[in-house]
Every structure is written in structure tokens, then in C-alpha cells.
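K.L.:
Have a look at the structure that comes next, please.
The values are calculated or read from the model by the stated rules, or taken from the named source; none is laboratory data. None of these values were measured; they are calculated from a predicted model. Counting neighbours? That spans all protein chains shown, and the Cβs are built from the backbone with ideal geometry, glycine included. We work out accessible area using only protein heavy atoms, side chains counted, and drop any ligands, DNA or RNA first. Shrake-Rupley method; radii C 1.70, N 1.55, O 1.52, S 1.80 Å.
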Amino acid sequence: MEDFDRDVLARSAEVPVVADFWAPWCAPCRALGPLLERLAAEHAGAFVLAKVDVDQVAGAAERFRVQSIPAVKGFCDGAVVAEFVGAQPEAVVRQFLAAVLPTEADQKAREAAGRAADGDAAAAEEAFREALAHDGRHPAALLGLARLLAERGVDDEALRLLDRISPTAPLAATVERLAAELRTRGGSDGDEPSLRARVAADPADLDARLALGRILAARQRWEDALAQLLEVVRRDAGFADGAARKAMLDVFAVLGPEHPLTDRYRGELATVLFR
């Protein structure tokens, strides 16, 4: 399994990997193998062909629910992006490869990521925008460009880009955390002392309490922020279209599920909402 993780999953972060799950005793496998090898040679390194003997690496076959062989799965960035079962004709295999091999948008997004890693933000932004010109919903390009814009403080455009990424995309968790960070830091407007004075004078002033909670969250004073936001929810869960509850969820996303404050206040929020 260690070899599979290294040679297939980890390697697929650099280049697509086509994993051929086979066995020497399988006649259809022996028929399909030479076709895959010929196409790999034809594409000259555009993808890596990995032969996975299910008798030798049974754990990998079970992990990826291989129930009959030959089973061919295309991996990109550690995830299966296309697959087929059985000794298919060449036209079907070529169609499968088209779904696995990088598109123009993929190539531009990868180039942009390299530029960003090298610190060339201007070139990275240009390449990300070129990727999106080829595919306007390319997840990696949208996320990469959003990160660059967020670093420059262009939060509104960054959030619009993040909204275009499907919630089912492999990057969804990273996308949601960045979006939560941007929404949270966007609540910094206002004067904390005057808002505290308003809340002290009138604990039912939910406008002031919500604004105070947002300011505290933007300043990363998490516990105080969550306490203020929870009190808004306790007094009126639907106030300002549930803004306090949404702000709390953003703080949870920023802190992460394992943070003690997330654990504590998620429970308290549930108690308030479902009492």
C-alpha cells in the first residue's frame, strides 16, 4: 500500500496517473494491457501508467472498490477523475484519456500556481485569468486567483470567485475556510467602545451587539466575538436574516472543527436553536 500511495496517489499531484488494476491470470487484462502501454508511449509522458496487480496489492483494490478486472482508474491530485471496467475498444479508452489528461485550463492553472509559489504574483494572476478564459469554473484557477486577490485586500472579487466553485469540488473545504476568513475580516468597520456602550445601555440592541461581535471576530478575539453573536441568536435567531448564526459558522470554519471554542460554541448554538 505504501508503494501505491507513493506511485499513484502522490505522483498524481504532479502528472495524471492511469492505474490498471489487473492480474496475470485475467485474459481480458492481458488483452487490454498492450493497448494502454501503446497509448502511454504515444502520449510521451503526458500521463503515467501504473500496473496494479490485485493479487499483490489487494488493499488498494479494496480501497477503490475494484470488484472486477480489468478496472482502469485515472487519478489527478490523489482523486479518481475517470474510470472504466473491462477490455474496452480503443475509442473508449481514448475518450477516457481525454477526461484524465490536463486541459488548457489545467496547464495554465498549474503554471500559475508555480508562479505564485515563486513569488511572482503578477504573472500568477495573469496565468490564472488565462486559465479561467479557457474554463470559467476551473476550481484550482478560481481558488488560486481568489487567494492572490485576498492577499491584496480585494475581498469582494475574491468572494465572487469562490462562490463559483462547486461545493462538491475536492477543494471545497479549503474554499469554505478562505471564504469564511474573508467574510469574517470584512466585519471590522465600527467603533468598539461606542458599540460596547450601546450594548451596556440596552442589552436588547441587537444591531449594536451584532456589529460588536463582527468587529471582535475581525480582530480575532474569538471567544468574546462568539459570546456576543450567541447572545444575538439567543434573543432573536432570525435577526438580520440570521446574520449572527452565519457569522458564528464562519468563525467555526476559520478556527477548524478541532478547536475548543468551535466544540464549545457549536454545542451552545445547537442548544439555543433547538431548545
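K.L.:
Which whole-number percent gives the relative contact order of the stretch 178-275, counting Cα pairs below 8 Å spaced six or more residues apart?
P.N.:
With pairs under 8 Å counted, the relative contact order is 26 percent.
K.L.:
As I understand it, the dipole of the stretch 1-108 uses +1 on the Cβ of Lys and Arg and -1 on the Cβ of Asp and Glu, about the Cα centre. Which of GLN88, GLY45, PRO70 lies farthest toward its positive end?
P.N.:
GLN88
K.L.:
Helix 243-255 versus the longest principal axis of the chain: what is the Cα-based angle in degrees, 0 to 90, to the nearest 10?
P.N.:
The angle comes out at about 50 degrees.
K.L.:
Next up: How large is the Rg to Rh ratio of the stretch 144-275 when both quantities use alpha carbon positions and Rh follows Kirkwood?
P.N.:
0.99
K.L.:
Mind pulling the per residue volume of the convex hull built on the Cα atoms of the stretch 138-214? Å³ is fine.
P.N.:
Looking at the stretch 138-214, the number lands at 94 Å³ per residue.
K.L.:
Could you state how much accessible area ARG115 has, in square angstrom rounded to the nearest 10, with a 1.4 Å probe and all protein chains kept in place?
P.N.:
Counting only protein heavy atoms, the figure is 100 Å².
K.L.:
Please determine, in degrees from 0 to 90 and to the nearest 10, the orientation of helix 172-185 with respect to the longest principal axis defined by the Cα atoms of the chain, where the helix direction is its Cα long axis.
P.N.:
Long axis of 172-185 versus the principal axis of the chain: about 20 degrees.
K.L.:
Out of the total accessible area of the stretch 138-275 (probe 1.4 Å, heavy atoms of protein only), what percent is carbon and sulfur?
P.N.:
So the carbon and sulfur contribution to the accessible surface is 51 percent.
K.L.:
Using only the alpha-carbon atoms, how far is helix 192-201 inclined from the longest principal axis of the chain? Give it as 0 to 90 degrees, nearest 10.
P.N.:
On a 0 to 90 degree scale, this one is about 60.
K.L.:
Kirkwood hydrodynamic radius for the chain: how many Å is it when counted over pairs of different Cα atoms?
P.N.:
22.1
K.L.:
Moving on to the next point. With an 8 Å Cα cut-off and a minimum separation of 6 or more residues, compute the relative contact order for the chain in percent.
P.N.:
Here the relative contact order equals 11 percent.
K.L.:
Oh, and also: Just to be sure I follow the definition: excluding the sites themselves, where is the longest run in the chain that has none of the GluC sites (Glu not before Pro) in a DSSP loop with at most 15 other Cβ atoms within 10 Å?
P.N.:
In short, 15-257.
K.L.:
If you restrict to DSSP beta bridges whose two residues both lie in the chain, what percentage is antiparallel, to the nearest 5?
P.N.:
Given both bridge residues lie in the chain, the antiparallel proportion sits at roughly 65 percent.
K.L.:
Check which residues have an amide H placed less than 5 Å from VAL52's amide H, if you skip close sequence neighbours.
P.N.:
HN-HN under 5 Å from VAL52: ASP20, PHE21, TRP22.
K.L.:
Taking Cβ-Cβ under 4.7 Å as the only way to count a partner, pick out the unpartnered cysteines of the chain.
P.N.:
Lacking a cysteine Cβ partner under 4.7 Å: CYS76.
K.L.:
Over the stretch 124-275, give the accessible area per residue in Å² for a 1.4 Å probe, as an integer.
P.N.:
Value returned for the stretch 124-275: 52 Å² of accessible area per residue.
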